[in-house]
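Here's the structure we're looking at; comments come further down.
Nothing in this text is a laboratory measurement; each read-out follows from the coordinates by a stated rule. All values reported here derive from a predicted model rather than from experimental measurement. Positions of Cβ are backbone-derived with ideal geometry, glycine not excepted, and every protein chain shown enters the neighbour counts.
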Amino acid sequence: MSEQSAKPYLIRAICEWCADNGLTPYLAVKVNAETRVPMSYVKNGEIVLNIGASATRRLTIDNAGVRFSARFSGSSHEVAVPMSAVSGIFAKETGYGFAFTVSANPAAALADATSTRPVSEVADSVLGEAKEPKDAGNRRKGKTRGSHLQVIK
């Protein structure tokens, strides 16, 4: 018997941790043919979704995927993301979370579901922050800091 993926459990854990700490959980998704999201918000084949309680209705995270209803520019949409398309889960405010490998091949996606890629790569693409660290002077002036994501093995 094959082992179940830890990915849905980690996603649920980060969502619960965010809720407990007053943070906003964001889901990074690599859009594929099985992903149902408003395509006008997809950039470079990816979309980042706020999956916090205040942004979603009927949020379901199970072994198959993430499903919910949400409003995009005032229009309600049903969103369905297969677990194989989830590339990361993180807290918007701190950047803490997990990054996952997403394979273009669905059969390989199952095997890769819990392997990680460098979290800084996900943070830079998702948060749109520069790779070089900012100095303390920039932080005092209100500019954003680099990512706080860490790989946990």
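Taking other C-beta atoms within 10 angstrom as a stand-in for reagent exposure, ILE51, ILE89 fall in the order ILE51, ILE89, fewest first.
What net charge is computed for the residues neighbouring LEU27, neighbours being all others with C-beta under 13 Å from the C-beta of LEU27, Lys and Arg scored +1, Asp and Glu -1? Please list the in-between numbers first.
Working: positive: LYS7, ARG12, LYS30, ARG67, LYS92; negative: GLU46.
Residues near LEU27 contribute +4 overall.
Using the Kirkwood radius built from alpha carbon pairs, what does the Stokes-Einstein equation give as D for the range 7-118 at 4 °C and 1.567 mPa s, in µm² per second?
Working: Rh = 14.0 Å.
Rounded, D is 92 µm²/s.
Projecting the Cα atoms of VAL81, GLY52, PRO38 onto the charge dipole of the range 7-118 (Cβ charges, centred on the Cα centre) puts PRO38 farthest toward the positive pole. Charge tally around GLY65: other residues with Cβ under 12 Å, Lys/Arg +1 each, Asp/Glu -1 each, net +1.
Determine the equivalent ellipsoid of the range 1-66 by diagonalising the alpha-carbon gyration tensor, then write out the semi-axes as square roots of 5 times the eigenvalues, largest first, rounded to whole Å.
Numbers: eigenvalues 81, 70, 20 Å².
Those come to 20, 19, 10 Å.
What whole number of Å gives the distance from the Cα centroid of the range 1-62 to the Cα centroid of the range 69-92? After rounding, the separation between the Cα centres reads 6 Å.
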